[in-house]
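Peer 1: The following block contains the structure, expressed as structure tokens.
The values are calculated or read from the model by the stated rules, or taken from the named source; none is laboratory data. Please read all numbers here as calculations on a predicted model, not as lab measurements. Heads up, the Cβs are rebuilt from the backbone with ideal geometry, glycines too, and the neighbour counts pull from every protein chain shown. Protein only, heavy atoms only, side chains kept; ligands, DNA and RNA dropped before computing areas. Shrake-Rupley method; radii C 1.70, N 1.55, O 1.52, S 1.80 Å.
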Amino acid sequence: MEDYSKELEASFRVIKEGDVLSGSVIDVNEEGVTLDLNYYASGVIKAADMSKDPSFSILQDVHVGDVIEAVVVKKDDGAGNIQLSKVEAADVIGWDKVQKYMDDKTVVTVKVSETVNKGVVAFLEGIRGFIPASHLSLSYVEDLSTFVGRELEVHVITVEKGKKKLVLSAKEVLREKEKENLNHRIAMVAPGSVLEGKVESVMPYGAFVDLGEGLSGLVHVSQISQKRIKTPSEVLSVGDTVKVKVLNTNNNKISLSMKAVAESAETEDVVDEKTAAKYSSRESIGTSLGDLLKGIKL
């Protein structure tokens, strides 16, 4: 019954040249691709009409079961099939898709096909995109050819359909991942921990301390010393090794205190002095088992 319903629905479909159709790949060969369009006729796409990407391989990049959108070129190719073009579909629907990717800040994967002046080329939704050399990595890229054939996660940063201009950036995705990784490591720092680090910069409002592993935190001027100071430079210089206590990691920032470390040390000293006084006034401190058990009441 379900199959009959599909056949009935297909009989009412009217397909015109220029329509965008979606079909599932049922055959792939060097000459082209055959699609199941849920219609009486199958759809065929010639190999030349699949992609403009010079690195595209129809046998390697297309698989049975893949869903492809393409534009109707001819309602009958002479063999009873509907002739389609995926290349033409890029102009019809490709630009709308890449515009949505940019609007939604979607991370998409592309394959670098070739190098050009000041960058590389990668195709997205059938459209030739440009990735500037400065947007390939977080660091300077010496040899662009090392990226050819590589898959990159990118953001779409420029879409100008009228000028056929599509610009992509891998750097933005890498920067986001680096930030996520940093925020995760910051979240793993436990408030109350006492750490050692080096002063990396001194500002009027406080000092930044390098804690290692790419982490740094701020010691506000009010948390530097138990004594009142006007500026951090009165007691700190770049390169100084300091002990700091983690106050909090709110808003993915590490707040530190040198004053809290000093206060904790003073408290420990007072406790040690009281303990020493307890045993040193009139009695000598014994170290034998009897001496240790003498004060215990059973």
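Peer 1: Report Rg/Rh for the range 104-146, rounded to two decimals, where Rg is the Cα radius of gyration and Rh the Kirkwood radius.
Peer 2: That ratio is 0.97, to two decimals.
Peer 1: Sticking with this one: Can you send over the solvent-accessible area of I45, 1.4 Å probe, protein chains only, in Å² to the nearest 10?
Peer 2: Solvent-accessible area, nearest 10 Å²: 0 Å².
Peer 1: Arrange the residues V209, V221 by how much accessible surface each exposes, largest first, with a 1.4 angstrom probe.
Peer 2: Heavy-atom accessible area, descending, gives V221, V209.
Peer 1: Here's something else I'd like to know. Rank these residues by their accessible area, most exposed first, probe 1.4 Å: K198, K118.
Peer 2: Greatest to least solvent exposure: K118, K198.
Peer 1: To the nearest 10 square angstrom, what accessible area does K253 show with a 1.4 Å probe?
Peer 2: 140
Peer 1: Using 7 Å Cα-to-Cβ label points, what is the N250/E153 separation (nm, one decimal)?
Peer 2: That separation, rounded to one decimal, is 3.1 nm.
Peer 1: Can I ask one more? DSSP loop chymotrypsin sites (Phe, Trp or Tyr not before Pro) in the range 23-74 with at most 13 other Cβ atoms within 10 Å of their Cβ, which ones? Intermediate results must be reported in sequence, preceding the final value.
Peer 2: On the way: sites: Y39, Y40, F56; in loops: Y39, Y40, F56.
Hits after loop and neighbour filter: Y40.
Peer 1: What spacing in nm lies between the two simple spin-label points modelled at E263 and D91, each 7 Å away from Cα in the Cβ direction?
Peer 2: 7.2
Peer 1: To one decimal place, what orientation-averaged projected area in nm² is obtained for the convex hull of the Cα set of the range 74-202?
Peer 2: 13.8
Peer 1: Using a simple spin-label model with points 7 Å from Cα along the Cα→Cβ vector, what separation in nm is obtained for T231 and K105?
Peer 2: Once both label points are built, they end up 3.8 nm from each other.
Peer 1: Let me ask something additional. For L256, enumerate residues with amide H under 5 Å from its amide H, sequence gap 5+ or separate chain, H modeled in the peptide plane.
Peer 2: L218, V219, H220, L247
Peer 1: Now for a different question. For D61 and E213, compute 0.36 nm times the residue count separating them, minus their Cα-Cα distance, and round to one decimal in nm.
Peer 2: Details: separation 152, 0.36 × 152 = 54.72 nm, distance 4.09 nm.
Roughly 50.6 nm would be gained on extension.
Peer 1: How much length would be gained if the chain were fully extended between E178 and K52, taking 0.36 nm per residue of separation minus their Cα-Cα distance, in nm to one decimal? List each step's numbers first, then the result.
Peer 2: Numbers: separation 126, 0.36 × 126 = 45.36 nm, distance 3.36 nm.
Contour length minus the Cα-Cα distance gives 42.0 nm.
Peer 1: Let me ask something additional. The range 70-157: which chymotrypsin sites (Phe, Trp or Tyr not before Pro) are DSSP loop and have at most 10 other beta-carbon atoms within 10 angstrom?
Peer 2: Y140
Peer 1: Largest first, what is the accessible-area ranking of E114, E196, E30 with a 1.4 Å probe?
Peer 2: Largest to smallest exposure gives the sequence E30, E196, E114.
Peer 1: Excluding ligands and nucleic acids, what accessible area in Å² is computed for T106 using a 1.4 Å probe, to the nearest 10?
Peer 2: 50
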